[in-house]
Amino acid sequence: MIYSLKRILKESMPVLIISAAVTMGAGIILNKNSEMIMLLPGIIIIIPAFINMGGSLMSVLSSRLSSALHLGFIHPILHKTKTLERNLFATLITAVISFTSLGFFAGIFTRIIGLEGLDILMFPLLTLTAGILTVLVLSFLSVIFSYVSFRKGLDPDNIVIPILTSMGDFIGILFLFLTLSLIL
Amino acid sequence: MVTRSIYRIVEETAPLIVFYAIIGLITGSILGGIVNEIELLPGLLILIPPLLDMRGGIGSTLGARLSSALHLGYVKPDKTTKCLKINIYSSLILSLFMSVILGIFAWVSCMLTGLMCVSFTTFLIISVIAGFSSGVVLTFVAIFIVRISYKKGLDPDDVTAPSIGTLGDMITIICLLLAIKLVLILGLI
C-alpha cells in the first residue's frame, strides 16, 4: 500500500511549515491594521472569502499550467504560446467577475448584519482593485514557479499549489489594505 | 482539457468561485461578529490567516488521499479499513503538531515586529484548542464528504478539495471563537 503514517507526515510537514511561515506574514499585516478593522468592522467580513478567492484562482491556473507542461502544450522553456496566453487571459476575466461579485455581495452582507462598513459602491471597487493586483502578481509567480519546478524535474502539482496559496494570502492581504488606505 | 477556449474556462470556473465567495462571506460575518472578543486579546488577528491556511492544507490533502484510496480500493465506502485509520491519525497528528508550531510562530512574529500581544501560553492554548478541535471536526467531515460523493457516483476528487476548503474556513472560525471564549472564561490570559 502506498500510504504509511510516516510517509504522509514526512511529505506534509515541510510544506505545511513553509506555508505557516508565509501566511504568518499575512497575519502580521492584518494585525498592523487592527485599528482600521476596529473602525470599519465591515472590512473583516471579506477577508476569508478574499484570501480564498486568490487561492482558488491560482490553484486552477497552476494545475492547468502543470497539466499543459506535462502534456507538452507549453514548452518548458519560457516563450509565448497560445495555450499560455489563453490561460492567463481566462484567469484575468474570471478574476474580474469573481472579485466584483465578492464586493457586491459583501456590501449587501454588511447591510444585512448591520456592521459599519464601506459605501455600497466602494466594496466592489476595493475588492476588484486589490483582487486584480493580487492576481497579476500571483499569475506571474505561478508561471515562473511552474516552469522552474518542471525543469528541475519536480511535479508542479505538489509544489506550486500549496506555496502559491500561502503567498496568495500574504500578497492578497497586503494589496487589500494598500487599496483600502488609498480609498479612505 | 488544457487547450479549451477562454470562454469555456471562464464558464466552468466563475460560477463556482462566486458560490464559494458567498459561503466565505457567511464565515466572514461570523468573524465580524467576534471582532469585539478578538479585540480583548491583542495580537490574536495574526493567527487567522495561518489557521485558515493550515486547515485548508491538511484538509484538502486528506480529501485528495482519501479519494485516490477509494479509487484504488484501499478505503471502502462503508467500512473502516487500516488505510482509513492511517489517514485519520496522520491528519490528527498534523493538526496537533501544526497548531503548536502556529502558536510559536505567532508569538515570535509579534516579538520580532514589536506588536502588542498576549502571552506565549495564551497564544499556544488558543492555537492548539482552535487548530486541533477544528482538525478533529474537519477530518470526519472530509471522510463523510468523500464517502457520500462516492456513493452518489460523483468523483470525490472534484468535490472534496473545494468543499473542504470552504467548510474548513467556517469550522475553523467557529472553533477559534470557542477557544477565545474558553480562555476568557477561565481567565487564562
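The values are calculated or read from the model by the stated rules, or taken from the named source; none is laboratory data. In this text, all values refer to a predicted model and were calculated from it rather than measured experimentally. Neighbour counts are summed over all protein chains in view; Cβ atoms, including those assigned to glycine, are modelled from backbone coordinates with ideal geometry.
The table below lists the values:
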item: Residue check, residue A:93 part of a helix (DSSP H, G or I), within 9 Å of another protein chain (Cβ to nearest Cβ), crowded, with 20+ Cβ neighbours inside 10 Å and on the phi < 0 side of the Ramachandran plot; result: no
item: Tally, over the range B:31-49, of residues that are facing chain A (nearest Cβ under 7 Å) and more than 21 Å from the chain's Cα centre (by Cα); result: 1
item: Tally, over the range B:76-87, of residues that are facing another protein chain (nearest Cβ under 10 Å) and in contact (Cβ under 8 Å) with a residue 24 or more places away in the chain; result: 2
item: Counted residues, the range B:1-22 - those being of a type in the set (A, V, I, L, M, F, W, C), buried (at least 19 other Cβ atoms within 10 Å of the Cβ) and in contact (Cβ under 8 Å) with a residue 24 or more places away in the chain; result: 0
item: Scope the range B:1-30; condition over 20 Å from the mean Cα position of the chain (by Cα), part of a helix (DSSP H, G or I) and more than 7 Å from chain A (Cβ to nearest Cβ); matching residues; result: B:7, B:8, B:11, B:12, B:15
item: Sole exception among (1) at the interface with chain A (Cβ under 10 Å from one of its Cβ atoms); (2) touching an Asp or Glu at 6+ places or on another chain (Cβ under 7 Å); (3) among the hydroxyl-bearing types (Ser, Thr, Tyr) for residue B:67, by number; result: (1)
item: Per-region count, the range A:1-36, residues part of a loop (DSSP other than H, G, I, E, B), surrounded by 14 or more Cβ atoms within 10 Å (Cβ to Cβ) and either in contact with a Pro (Cβ under 9 Å, 6 or more places away or on another chain) or more than 7 Å from every other protein chain (Cβ to nearest Cβ) (or both); result: 1
item: Test result for residue B:103, farther than 17 Å from residue B:173 by Cβ, more than 10 Å from chain A (Cβ to nearest Cβ) and either crowded, with 19+ Cβ neighbours inside 10 Å or polar (S, T, N, Q) (or both); result: yes
item: Meets criteria (charged (D, E, K, R), within 26 Å of residue B:57 (Cα to Cα), modelled with pLDDT under 80 and touching a helix residue (DSSP H, G or I) at 6+ places or on another chain (Cβ under 9 Å)) for residue A:169; result: no
item: Qualifying residue in the range A:41-60 (condition: part of a helix (DSSP H, G or I) and surrounded by fewer than 19 Cβ atoms within 10 Å (Cβ to Cβ)); result: no
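Yes/no per residue for (1) closer than 21 Å to residue B:92 by Cβ; (2) modelled with pLDDT of 85 or more; (3) within 17 Å of the chain's Cα centre (by Cα):
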{"residue": "B:112", "(1), (2), (3)": "no, yes, no"}
{"residue": "B:119", "(1), (2), (3)": "no, yes, no"}
{"residue": "B:124", "(1), (2), (3)": "yes, yes, no"}
{"residue": "B:128", "(1), (2), (3)": "yes, yes, yes"}
{"residue": "B:132", "(1), (2), (3)": "yes, yes, yes"}
{"residue": "B:155", "(1), (2), (3)": "no, no, no"}
{"residue": "B:174", "(1), (2), (3)": "yes, yes, yes"}
